[in-house]
1. What residue among 118, 15, 82 has the largest mean-square fluctuation in a Gaussian network model of the chain, using Cα springs under 10 Å?
2. If you roll a 1.4 Å probe over the heavy atoms of the protein chains, what accessible area per residue do you get for the chain, in Å²?
3. Grab every C-alpha pair in the chain, bin the distances at 10 angstrom width from 0 up to the longest one, and report whole percents.
4. Give me the percent of accessible area attributable to carbon and sulfur for the chain, probe 1.4 angstrom.
5. Using the charge dipole of the chain (Lys, Arg: +1 at Cβ; Asp, Glu: -1 at Cβ; taken about the Cα centre), state which of 11, 48, 101 has its Cα farthest towards the positive end.
6. Highest GNM mean-square fluctuation, the chain, Cα pairs closer than 10 Å: which of 67, 93, 45?
7. Students often get this wrong, so check it: of 4/79; 45/121; 60/92; 80/121; 30/80, which have C-alpha atoms separated by over 21 Å?
8. Do you know the relative contact order of the chain, to the nearest whole percent, from alpha carbon pairs under 8 angstrom that are 6+ apart?
Amino acid sequence: MKGKFSIKWKSSKQRRKQRKYNYNAPLHIKHKFMSAHLSKELMKKYSTRNIPLRKGDTVKIARGNFKDHAGKIEKIFLKKTRVHVEGAQMIKKSGAKVFYPIHPSNLIITNLNLEDKRRQKIIQRKNVKASS
């Protein structure tokens, strides 16, 4: 994989090349990395395993210090591939509360934010693919 980023690059067994792909990917591709698994009920309802995260989704943390904690997504960082979840906060030595950044692979979506028409279209498109 030469250069900074190549769309034609498919995959490699080498972890360093996989990491380079992830770090140097443009934001429209990094958005796909921001997907999380759906809960079992939502999986049956939408007949898809994962959906990209969005602010306002309710998620359950599956791994780490905040395991089994549920809350809404406050903020999403595409560049860092991290998410801030309501209630998942650390306390600094100064006493200030700071959000703990969580990777989307450690989250399970329990409730979707369907206010956006564009997101509803994405879910419908995934349903059509699954049923055919």
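1. 15
2. On the way: 9650 Å² over 132 residues.
Accessible area per residue: 73 Å².
3. Histogram of Cα-Cα distances, whole percents per bin: 12, 35, 32, 19, 3, 0.
4. Numbers: 4930 of 9650 Å².
With neighbouring chains kept in place, the figure for the chain is 51 percent.
5. Projecting each Cα onto the dipole axis, the largest value belongs to 11.
6. Largest GNM mean-square fluctuation: 93.
7. Values: 4/79 15 Å; 45/121 15 Å; 60/92 24 Å; 80/121 27 Å; 30/80 9 Å.
Going by Cα-Cα distance, 60/92; 80/121 fall outside the 21 Å limit.
8. Working: 193 pairs, mean separation 31.3, N = 132.
The normalised contact order for the chain reaches 24 percent.
The values are calculated or read from the model by the stated rules, or taken from the named source; none is laboratory data. Note that the coordinates shown come from a computational prediction; the quantities given were computed from them, not determined experimentally. Positions of Cβ are generated from backbone atoms using ideal geometry, with glycine treated the same way; all protein chains shown enter the neighbour counts. Remember, those area values only see protein heavy atoms, side chains included, never the ligands or the DNA or RNA. Shrake-Rupley method; radii C 1.70, N 1.55, O 1.52, S 1.80 Å.
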